[in-house]
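Below is one structure, written out as structure tokens, with a few remarks after it.
The values are calculated or read from the model by the stated rules, or taken from the named source; none is laboratory data. The structure displayed is predicted, hence computed values, not measured ones. Virtual Cβ from ideal backbone geometry, glycine too; neighbours counted across all protein chains shown.
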Amino acid sequence: MMFESIKEEIKDFKKIVFVTGAGISQESGIPTFRGKDGLWRNYDAMKLATIDAFYEDPKLVWEWYNERRSNIFSASPNQGHIAIAELEKYTDVTILTQNIDGLHQKAGSSHVLELHGSIMKIKCTVCEFHDEIMTEFSEIPPLCKCGNILRPDVVWFGESLPQDVWKNAMILASQCDLMIIAGTSLVVSPANTLPIYAKQNNAVLIEINPEKTEMSSEMDLILRNTSANVLPEFVSLFKEN
């Protein structure tokens, strides 16, 4: 029984916040930036996801995003995503995700804050145009009606998070009584500070990750496993109560 140590507290958790990262989507076939998955056509994905790379070679960055979009559009939520969505039937659940793939929403979760934007959304590099576009672009890089280049509406390395989203995320993190950190290495700032806000509210912190993370020492419970393996069992505890 993985959750034995908190089984008695389950009924007391009224507000649960999930902080999710690339690990939860990896099980749906979406590559992560770090480690062996971080290469695309011999380019370092970490270096492609920057504004500098985009302005240097927008065609190259868009080819990568077009491929990622196509991969993400065809991906399905896994048991981890589905379990989080199901948990809404029993308690108050919010997801603060670093993922841009929309899989939480596809699984049926209704309270999702996308800290790093969404790959479905596109915006102009100059004018106010933004839209959700679910088809591949035939013209690379795609151009706005105003004649300037369109870009994915995602947060690249070195860019700041949308302020309204981040403000809400901090509030939600500091109000929860349980935070589950699933599939994120907690190395990307400022999302990696969210567990600190939860801790200040004396929330219980659970880490679900096959690897050790930067904040493992702060956790109340660590499960060295994947979200798809662990979260269905967590939801079953709520069904029992």
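Checking the stated criteria, Leu113 turns out to be under 19 Å from the mean Cα position of the chain (by Cα) and either within 30 Å of Leu172 (Cβ to Cβ) or in contact (Cβ under 8 Å) with a residue 60 or more places away in the chain (or both). In contact (Cβ under 8 Å) with a residue 40 or more places away in the chain and either of a type outside the set (Lys, Arg) or assigned to a helix (DSSP H, G or I) (or both) - does that describe any residue in segment 32-44? Within segment 32-44 (the criterion being in contact (Cβ under 8 Å) with a residue 40 or more places away in the chain and either of a type outside the set (Lys, Arg) or assigned to a helix (DSSP H, G or I) (or both)), the answer is no, since none of the residues qualifies.
Set side by side, the residues Leu205, Leu186, Leu172 differ, and just one is surrounded by 16 or more Cβ atoms within 10 Å (Cβ to Cβ), in a helix (DSSP H, G or I) and either more than 14 Å from the chain's Cα centre (by Cα) or assigned by TED's automatic domain parsing to the domain that holds Ala22 (or both), which is Leu172. The residues on offer are Ser118, Ser174, and the sole one that is at pLDDT 95 or above and in contact with a Phe, Trp or Tyr (Cβ under 6 Å, 6 or more places away or on another chain) is Ser174.
Here is a yes/no grid of residues against (1) modelled with pLDDT under 95; (2) closer than 24 Å to Met170 by Cβ; (3) buried (at least 21 other Cβ atoms within 10 Å of the Cβ):
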{"site": "Leu39", "(1), (2), (3)": "yes, no, no"}
{"site": "Asp57", "(1), (2), (3)": "no, no, no"}
{"site": "Ile95", "(1), (2), (3)": "no, yes, yes"}
{"site": "Asn99", "(1), (2), (3)": "no, yes, yes"}
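Of all residue pairs spaced 6 or more apart or on separate chains, those with beta-carbon atoms under 7 Å, a first member in segment 217-241 that is in the same structural domain as Met179 (by TED's automatic domain parsing) and a second member that is modelled with pLDDT under 95 and of a type in the set (A, V, I, L, M) are Leu221/Ile6; Leu223/Met2; Val230/Met2; Glu233/Met2; Leu237/Ile10; Phe238/Ile10; Asn241/Ile10. Among the residues of segment 132-156, those that are under 15 Å from the mean Cα position of the chain (by Cα) and in a strand (DSSP E or B) comprise Asp153, Val154. With respect to the conditions (1) surrounded by 20 or more Cβ atoms within 10 Å (Cβ to Cβ); (2) over 25 Å from Glu207 (Cβ atoms), Thr125 falls short on a single one, namely (1).
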